[in-house]
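Take a look at the structure below.
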Amino acid sequence: MAERPPTTPRPDTIAAIATAPGRGGIGVVRVSGHNLLPLAETLSGKTPRPRRAMRADFRDDDGKLIDTGLLLYFPAPHSFTGEDVLELQGHGGNVVLQMLLSRCLDLGAHLAEPGEFTRRAYLNGKLDLAQAEAVIDLIDASTTAAARSAVRSLQGEFSQEIRLLFNQLVELRALVEATLDFPDEEIDFLETADAFGRLDRLQAKITEVTDRARQGHLLQEGLQVVLAGQPNVGKSSLLNRLASDELAIVTPVAGTTRDAVRGTLHVEGIPLHIIDTAGLRETRDEIERIGIARTWHEIEKADVVVLLVDARQGVGKTDESIIAQLPPGLARITVHNKIDLLGKEPGRRDEANGATILLSAKKGDGIDLLKQELLHIAGWRPTEAVFIARERHLRALAETLGHLEAARACLVQLELFAEELRLAQRSLGAITGEFSHDDLLGEIFGRFCIGK
């Protein structure tokens, strides 16, 4: 007689509400583990068929009805996590979903941690690390362009590029290390095998992938833009014009803005996080001084500072003093506002330390010139072949290129050449999880929502 399966799931079975909190037409409780058919039978009184939606009554321990909905069963390994997965679809109310979740926990499951379903998918080989991160990037996407790029990464396009580079690097390593036992012939052998040409092509391809990944990082993170300048030069008016909303109070009184006011707009799919700040000047007003200190704090964190000046006065000594205090290397756009009062046309010109834009925040003339200049500073180039990328991906690619450049400098010392190639492989492999650490996994999946 065949041994009957246990009536309770294994202790590593997890469950969580997979839909967002709040009221809705449908709510989903997800369960993942091993041998989940007994749990499904106890909960619903039915044996679900694989990948078929089944109408079911979900009942508590006393047989009382919790809810009526759909039961779906995805047997391992053909599921999101690679384990048995149950999806219990019921009505989307907080109370009923909590009752259904509690019933699953009573039957032996434990509450899933944030990101635990996706982490199991990664550990069971259903996704690599870059694809797993693309799950949350798709959920968090704030524009159509960001969502499409996240889908490309989730489908594995970014990972395929990285694996191709990874394999080419492995081949180059094997070629170099195979010559270490023949020191008299190693350089000639490597030249014959085009090892140095391979290194050149590998560097060029990684640079190309880095550029595309950097575009994806912009889609996800956007650009931090601080509007700075003396009081009453039109910073709040410019924020309102850019955001197409009355976010900041605009008055003729200097010093109206005392604290940072924020707004976000999207240009070519790139989020531009615009921060209006207190006017920079000498003051005895304690509250205004606090606002000015916060202005400098925002400037320290900015990607770009837009320095506004009144077009009627131009850049004066006070503005030059502000410029002198800006962090070294911070991108700057100088905006001459209020050109409508001079009857001037909007325009753009290059200066020694950045572009100058002539515009009218009040009338909107020249606003598109400012938007395009911000995209130019961001390095944005419209393309469909963009991957959503995270800061750690960019760091890993930069480290890889650094090790390849170091390898080039060690061509006459093949042991060092080989070691730099090994380190480059390790950096590149960290993107997809070929080389990873538990603390990295904890950091990545801990940012997910529970149920995902």
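The values are calculated or read from the model by the stated rules, or taken from the named source; none is laboratory data. Predicted, not measured: the structure shown is a model, and the values here were computed from it. Please note: Cβ atoms are built from the backbone with ideal geometry, for glycine as well, and neighbour counts cover all protein chains shown. Please note that ligands, DNA and RNA were not included when accessible areas were found on the heavy atoms of the full protein model with its side chains. Shrake-Rupley method; radii C 1.70, N 1.55, O 1.52, S 1.80 Å.
Is the shape of segment 101-147 rounded, prolate or oblate, going by the alpha carbon gyration tensor and its root eigenvalues a ≥ b ≥ c, with a/c under 1.5 for rounded and a/b larger than b/c for prolate? Here segment 101-147 falls in the oblate category. Once both labels are positioned 7 Å from their Cα atoms along Cα-to-Cβ, the gap between Glu391 and Leu423 label points is 2.3 nm. How would segment 35-140 be classified by its alpha-carbon gyration tensor: rounded, prolate or oblate, with rounded meaning a/c under 1.5 and the a/b versus b/c comparison settling the rest? Note, shape of segment 35-140 comes out prolate.
Legend: calculated FRET efficiency, Gln98 to Thr144, from the Cβ-Cβ distance at R0 = 35 Å, rounded to 0.05, equals 0.55. Each peptide among 96-108, 27-39 gets the average number of other Cβ atoms lying within 10 Å of its residues, and from highest to lowest they stand as 27-39, 96-108.
Ranking Leu43, Ser79, Ala16 by how far each Cα lies toward the positive end of the dipole of segment 1-125 (charges on Cβ) leaves Ser79 at the top.
Please state the relative contact order of segment 98-174 as a whole percent: Cα pairs under 8 Å, 6+ residues apart? Kindly include the intermediate steps, with their values, before the conclusion.
Numbers: 35 pairs, mean separation 15.7, N = 77.
Value for segment 98-174: 20 percent.
The phi torsions of segment 62-69, fed into the Karplus equation with coefficients 6.51, -1.76 and 1.60 and a -60° offset, translate into couplings of 8, x, 6, 6, 8, 6, 10, x Hz, rounded to whole numbers, with Gly and Pro shown as x. A simple rule links phi to the HN-Hα coupling: the Karplus curve 6.51 cos²θ - 1.76 cosθ + 1.60 with θ = phi - 60°, which for segment 319-329 gives 5, 5, 5, 4, 4, 5, 8, 5, x, x, x Hz, with x for Gly and Pro. What does the charge count near Pro346 come to, summing +1 for each Lys or Arg and -1 for each Asp or Glu among other residues with Cβ under 11 Å from its Cβ? Computed value for this residue: -1. Counting 0.36 nm for each residue step from Leu330 to Thr207 and taking away their Cα separation leaves a gain of 41.9 nm.
Between the amide H of Ile450 and those of Gly115, distances stay under 5 Å, these residues lying 5 or more places away or on another chain, with hydrogens modeled in the peptide plane. Each residue of segment 79-86 was assigned a 3J(HN,Hα) from its phi angle through the Karplus expression (A = 6.51, B = -1.76, C = 1.60, θ = phi - 60°), giving 8, 4, 8, x, 10, 4, 10, 10 Hz with x at Gly and Pro. Residues whose amide H lies under 5 Å from that of Val335, counting only those 5 or more places away or on a different chain, are Leu307, Leu308, Val309, Ile357; hydrogens are built 1.01 Å from N in the peptide plane. Taking other residues whose beta carbon is less than 15 angstrom from the beta carbon of Leu65, and scoring Lys, Arg as +1 and Asp, Glu as -1, yields 0. Solvent-accessible surface of segment 84-181, averaged per residue with a 1.4 angstrom probe and all protein chains in place: 42 square angstrom.
Shown for segment 323-369: the carbon plus sulfur share of the solvent-accessible area, taken with all protein chains present and a 1.4 angstrom probe, equals 47%.
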